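Derivation of every value follows stated rules applied to the coordinates shown; laboratory data play no part. Model, not experiment: these values are computed from the prediction. No Cβ is skipped: glycine too gets one built from the backbone with ideal geometry, and neighbour counts run over all protein chains shown.
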């Protein structure tokens, strides 16, 4: 018995399903302890190995975690209650600067690109056994990667950045392995890692990216993988500098078996150069999504990496989804070749809006961060209070809890659609909501 909820079942699958069902309905709360395996086995009249198998399944599914002698408990953020639920409902009349979306006005129109791709499909139907990567897409992607100094490697295609990250992690790691993640960092990644049965290791972030001393500590503690956002880091806007990249490469050289995953989702909307880390470790991947610059609904990311990793990912793809639609790949090629997005103009637009807000907040005594991309991170003493006061003032911002493990509180503001006329008013509202406070950092 756990509280008032009886864990039931005689087989490992039944016991695991019973616990997971209770977590999903809220009858078992995040952080709540589970009975010791032998106690539960006696209670259910089953072999302790059966309960051990059930708990192992639950760990692999990201539902529970085990802390040595302290036993097993429901994860504080189980996979069944993802961080996407930590969001503010935006009432009518409140300005939404929380959603993390690109500015629709800066996205290209898709009709002509898809019409051209469909016409090509009519002439050259895609059937089973077709090459899963459009050759022209691979050529254009590889040329752009070469221009940014990314080491040579085969090109693959996934259904977005997160799909690629998940497939790479699954290709190399096993449940229980540790993954070093940015903190604050992308909430989807912070949920994905434990959902795969992996354990997160927090790495602090400053304006130049992951802190080298934290990365070294994480890898020395046994982390087998490191996930780094090169530019437009979500939520802080951090971007690797040349100096920081050198320092991180030095750390990685000490741990050459580390699986390195670089997320360059900001490609196309950033106003700072790329300083890739790839090539230092034996296994690595760099992922580029088209979501922010060309449209989230395209659901496409290109990735490159060492030959073994790319081959493993593509082999697993063949057993499941098979391939990412060639219709979408060809439409993206049309968008790229037609110059449907002026990357410099888009980057300048987001950069101008972001810099204007950071400057306005700084002038009002509010420390803020955002070197690249479309988000600004503001450290705050009390997330709940600040979010509520801003909502009352007519502004919906994103609570930092969506993006944090151990990092101090903060709020994320998306500037993608913020106008010059709105910037001062938003800065005034934030300053009033945060109140007078000494300078803070988010590391």
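How far apart, in nm, are two points set 7 Å out from the Cα along the Cα-to-Cβ line at residue 127 and at residue 321?
2.5
Using just the Cα positions, wrap the range 12-74 in a convex hull and report its mean projected area in square nanometres, one decimal place.
Spelled out: convex hull of the Cα atoms, projected over all directions, averaged, 3.8 nm².
Between the range 283-337 and the range 160-177, what is the separation of their alpha carbon centroids in Å?
That distance is 15 Å.
Using a 10 angstrom cutoff on alpha carbons, build the Gaussian network for the chain and name the most mobile of 414, 25, 281.
It is 25.
Under 20 Å from a label point 7 Å along Cα→Cβ of residue 384: give me every residue in the range 409-423 with its amide N that close.
Residues passing the 20 Å test: 409-412.
When DSSP assigns beta bridges and you keep just the ones with both residues in the range 211-361, what percent turn out antiparallel, to the nearest 5?
35
Shape of the range 148-281 from its Cα gyration tensor (a ≥ b ≥ c, root eigenvalues): rounded if a/c is under 1.5, otherwise prolate when a/b > b/c, or oblate?
rounded
Among 406, 375, 47, determine the one that fluctuates most according to a GNM of the chain built with springs between C-alpha atoms less than 10 Å apart.
The residue that fluctuates most here is 47.
Given N residues in the range 238-280, what is Rg(Cα) / (2.2 N^0.38 Å)?
1.22
Once fully extended, how much extra length lies between residue 27 and residue 111, figured as 0.36 nm per residue of separation less the alpha-carbon to alpha-carbon distance?
25.5 nm
Multiplying the sequence separation of residue 308 and residue 338 by 0.36 nm and subtracting their Cα-Cα distance, what value in nm do you get?
That pair, residue 308 and residue 338, stretches by 7.4 nm at full extension.
Restricting to DSSP H runs of at least four residues, report the calculated mean residue ellipticity at 222 nm for the chain, -39500 (n - 2.57) per run over all residues, nearest 500 deg cm²/dmol.
After summing the helix terms and dividing by residue count, I get -12500 deg cm²/dmol.
Suppose R0 equals 45 Å; then what is the FRET efficiency for residue 147 and residue 52 from their Cβ-Cβ distance, rounded to the nearest 0.05?
The computed FRET efficiency comes out at 0.30.
Share of antiparallel DSSP beta bridges in the chain, in percent to the nearest 5?
Roughly 55 percent of the DSSP beta bridges within the chain come out antiparallel.
Expected output is a single nm value to one decimal: the length gained when fully extending between residue 174 and residue 10, i.e. 0.36 nm times separation in residues minus the C-alpha distance. What is it?
My answer for the length gained is 56.4 nm.
Which values of log₁₀ I(q)/I(0), to two decimal places, follow from the Debye formula for the range 111-337 at q = 0.16 Å⁻¹ with a uniform point scatterer at every Cα?
Ignoring solvent entirely, the Cα scatterers give -1.08.
Translational diffusion coefficient of the chain at 37 °C, 0.692 mPa s, Stokes-Einstein with Kirkwood Rh over Cα pairs, in µm²/s as a whole number.
141
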